[in-house]
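The values are calculated or read from the model by the stated rules, or taken from the named source; none is laboratory data. Remember, predicted model here, so these are calculated numbers, not experimental data. Virtual Cβ from ideal backbone geometry, glycine too; neighbours counted across all protein chains shown. Remember, those area values only see protein heavy atoms, side chains included, never the ligands or the DNA or RNA. Shrake-Rupley method; radii C 1.70, N 1.55, O 1.52, S 1.80 Å.
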Amino acid sequence: MSLLADYNWPFAVSLGVMVLLAALQVLGLGDLFSSTETDLDAESSGSPADGLLSLVGVGRVPFMIWLAVLLLLFAAIGVSIQSLSGAFLGKALAPWLAGLLASVVALPATGALVRPLSRILPGDETTAVEIESLLGHRAKILTGRASRGSPTRAQVIDHHGQMHLVMVEPHHSDTEMGEGDEVLLVRREGERFYAVALEEKRLAPI
């Protein structure tokens, strides 16, 4: 069975969206969607809706990662359903029916998969109070180069030892920061931090 066959179009679209999300992460644009992320442990009201979201894994890892896992599983399960249908029934199911069945299986499967992932992946910070507390901490540039107006992703560890991912650009307009550089977070505007190189503050490396 071909992924591009008409009966597999929901799963081909799902894989296409997943690839797009991966490209956004590589380009450092995934944080544009960080405002959609929630912290269920901090905000859960104990309602049935909260229990359902917890069951499917929402809030355990950054939303973009959760969505990518869901899309991948949805596509893989859907194609498998169509393949089994062709083998046992002699033809593929209608796309909407295969998509419905794949969704029913993919949602709890995503929850089961992100649980172990949540123990090894750093979560993106989402609450203003906690973000503010990162000021004055040291961070390490993870990918790309940061210049004024062009931030990149950095890793920072708070006073509890928790790891966070933030978007950082230089505090001074005439400087740049590259992958592996260690910097000091000195200012914040919204979700974006501004930093100076450790050398500028005469600090020892982390």
Any idea of VAL166's accessible area? Nearest 10 Å², probe 1.4 Å.
-> 10
Ordering ILE65, ILE77, ILE141, ILE157 from largest to smallest accessible area (1.4 angstrom probe), what's the sequence?
-> ILE157, ILE65, ILE77, ILE141
Between GLN155 and ALA22, what length comes free when the chain is fully extended (0.36 nm per residue of separation minus the Cα-Cα distance, one decimal in nm)?
-> 46.0 nm
Which trypsin sites (Lys or Arg not before Pro) in the range 144-196 pass both tests, a DSSP loop state and at most 14 other beta-carbon atoms within 10 Å?
-> ARG148
Roll a 1.4 Å probe over the protein heavy atoms and report the accessible area of PHE74 in Å², nearest 10.
-> 30
